[in-house]
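The structure appears below as structure tokens.
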């Protein structure tokens with residue numbers, strides 16, 4: 001419709017020019033038309049419809065690559081979060097293993113090696129598997145852990161803080177630092193010489209925004 005109106009207006013203007021030249025020539029005794037006047041100029045720009053069609057085709061061509069790029073960045077961020085969460089969850093389990101090993105090395109302070117397992121039982125009483133309570137672990141700057149390093153946590157004191165430049169940059173229950181989106185919760189149950197440990201790290205509200213690792217620690221130093 002827009003093209004039709006445009007062409008009609010152009011045709012009317014051209015006819016007016018031809019008529020004006022014809023009357024001028026007739027007044028001079030030359031009542032003839034110049035063939036050049038009868039040739040209309042068809043050189044014109046793009047219509048609005050053509051421009052809109054071109055833009056639509058361009059947008060359709062760009063949607064695919066942009067969608068793929070956005071999806072790739074989103075999956076890369078999810079992979080980064082999952083990887084870090086697995087490391088933090090494994091760190092919580094390794095802290096309990098280290099406690100067992102350190103206690104065994106310090107066995108000279110106990111009457112027998114069987115008492116090394118008592119610390120594991122003490123921690124299990126704070127946050128048993130299947131219970132409502134969870135534990136955090138405060139790892140020292142030198143990486144050491146003791147029985148007092150494990151504490152019952154909930155809410156904000158389960159959050160892991162980042163300490164730039166520290167030997168242990170991601171720590172729980174440490175003063176200062178910047179709070180991260182990650183929380184770590186430990187639970188442990190002891191059955192004779194076997195300890196079942198669960199370590200959960202979460203960083204969001206979605207069902208895929210958490211990692212749970214489970215491991216078993218044995219009292220390998222027990223003396224009957």
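Derivation of every value follows stated rules applied to the coordinates shown; laboratory data play no part. What you are looking at is a predicted structure, and each value in this text was computed from that prediction instead of being measured. We place every Cβ from the backbone using ideal geometry, glycine too, and count neighbours over all the protein chains shown.
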**FRET efficiency estimate (nearest 0.05) - Cβ-Cβ, residue 216 to residue 179, R0 25 angstrom** = 0.20
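Give me 184, 167, 134 ranked fewest to most by other Cβ atoms within 10 Å of their Cβ, as a rough exposure proxy. Write out the running numbers ahead of the final one.
Working: 184 24, 167 10, 134 20.
Listing 184, 167, 134 from fewest to most nearby Cβ atoms yields 167, 134, 184.
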**Complete:** From the Cα centre of segment 115-192 to that of segment 76-108, the distance in Å is 10 Å
**Item:** Residue order, fewest to most surrounding Cβ atoms within 10 angstrom, among 209, 103
**Value:** 209, 103
**Item:** Spin-label model distance (nm) - residue 63 vs residue 83, 7 Å beyond Cα toward Cβ
**Value:** 3.3 nm
**Message:** Please compute the modelled spin-label separation between residue 118 and residue 167, points set 7 Å along Cα→Cβ, answer in nm with one decimal.
**Reply:** 2.9 nm
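Tell me, 171, 74, 98 in order of fewest to most beta-carbon neighbours within 10 Å? Before the final figure, lay out each step's value.
Details: 171 20, 74 10, 98 17.
In order of increasing Cβ crowding within 10 Å: 74, 98, 171.
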**Fill in**
Shape descriptors of segment 70-218 over alpha-carbon atoms, Rg and Dmax in angstrom, are 16.2, 62
